Amino acid sequence: MQNLLHIFYWLCYLIFIAPPRAMAIRENADTIKGELSGRSVLSITVIEMTIRLGLILILATTIESILGDKLYEALLFDKFFFWIVTTGMLHSVIYLLCFNRVEITNSTHHIYRIGRNICYTLLVAVGIELISNALDLFKIFQLEESVVQILVLSCAVITCILGIIEAFVAGGTPSGIDDTVKEKI
């Protein structure tokens, strides 16, 4: 089970759902006197995000080459990958603003969780739109555009409300953050 969770974490990391690891990378580089030793967290984050973006582009182009241009576009994968990257970048900025500080308080956890959960809300909305589009495209089940919009908006609002509640109810450190940040708490 632990191996499965580890694989799941790295999959989420590669597709921008998990937070960046720039602070852990910096600490490790400083410990072993690596090539990133002495660099700022911001510069390491830029390097890390560039690599992750490259991996997303490889994944997107691989899927496009397997499915073909028309099916790829019809299934709205371009929109999906755009939102993956956008929410991933936003999540990374929120993470760095909250945890790249000397003093981390309990309110920092709440702010991070709210920001993270809003990012996840966007992904839920896009996911629902993609699924409804695929069902319509393959003639499995067709919904009117207005119904899809109501469904997407309703699920987004519900997910956002649940995310805000979770941000204030959940105790302890947020899951997914690296040990470097956990040690500061």
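The values are calculated or read from the model by the stated rules, or taken from the named source; none is laboratory data. Nothing here was measured: the structure is a model prediction, and the numbers come from that model. So basically every Cβ, Gly included, is an ideal-geometry build from the backbone, and we count neighbours across all protein chains shown.
Among the residues of the stretch 71-114, the one identified as buried (at least 16 other Cβ atoms within 10 Å of the Cβ), in contact with a Lys or Arg (Cβ under 9 Å, 6 or more places away or on another chain) and free of Cβ contacts under 8 Å to residues at least 12 places away in the same chain is T108. Applying the criterion of being closer than 19 Å to L122 by Cα and surrounded by 13 or more Cβ atoms within 10 Å (Cβ to Cβ) to the residues of the stretch 163-175, the residue that is modelled with the lowest pLDDT is A167.
Checking each residue in the stretch 1-28 for being without any contact (Cβ under 8 Å) to a residue 40 or more places away in the chain and assigned to a loop (DSSP other than H, G, I, E, B) picks out only M1.
So that you can scan it fast, the table gives a plain yes or no per residue for (1) surrounded by 13 or more Cβ atoms within 10 Å (Cβ to Cβ); (2) without any contact (Cβ under 8 Å) to a residue 24 or more places away in the chain; (3) closer than 30 Å to F77 by Cα; (4) acidic (D, E):
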{"position": "G54", "(1), (2), (3), (4)": "no, yes, yes, no"}
{"position": "L59", "(1), (2), (3), (4)": "yes, no, yes, no"}
{"position": "T62", "(1), (2), (3), (4)": "no, yes, yes, no"}
{"position": "L67", "(1), (2), (3), (4)": "yes, yes, yes, no"}
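Picking from residues in the stretch 13-33 that are in contact with a helix residue (DSSP H, G or I) (Cβ under 7 Å, 6 or more places away or on another chain) and small (G, A, S), the one that is nearest to I56 (Cα to Cα) is A18.
Here's the yes/no breakdown for (1) over 20 Å from Q149 (Cβ atoms); (2) modelled with pLDDT of 90 or more; (3) within 11 Å of the chain's Cα centre (by Cα):
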site: L97; (1), (2), (3): yes, no, no
site: V102; (1), (2), (3): yes, no, no
site: N106; (1), (2), (3): yes, no, no
site: H109; (1), (2), (3): yes, no, no
site: Y112; (1), (2), (3): yes, no, no
site: N117; (1), (2), (3): yes, yes, yes
site: T121; (1), (2), (3): no, yes, yes
site: I131; (1), (2), (3): no, yes, no
site: D136; (1), (2), (3): no, no, no
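Would the stretch 101-114 turn up any residue that is among the acidic types (D, E), more than 17 Å from A18 (Cα to Cα) and assigned to a helix (DSSP H, G or I)? No: the stretch 101-114 contains no residue that is among the acidic types (D, E), more than 17 Å from A18 (Cα to Cα) and assigned to a helix (DSSP H, G or I). If you check T45, T31 for being buried (at least 16 other Cβ atoms within 10 Å of the Cβ), in a helix (DSSP H, G or I), over 12 Å from the mean Cα position of the chain (by Cα) and modelled with pLDDT under 95, only one passes: T45. The set of residues in the stretch 115-144 that are surrounded by 14 or more Cβ atoms within 10 Å (Cβ to Cβ), among the polar types (S, T, N, Q) and closer than 17 Å to A74 by Cα comprises S132, N133.
I need the full set of residues from the stretch 48-94 which are outside any helix (DSSP H, G or I) and within 19 Å of E129 (Cα to Cα), in order please.
L75, L76, listed by residue number.
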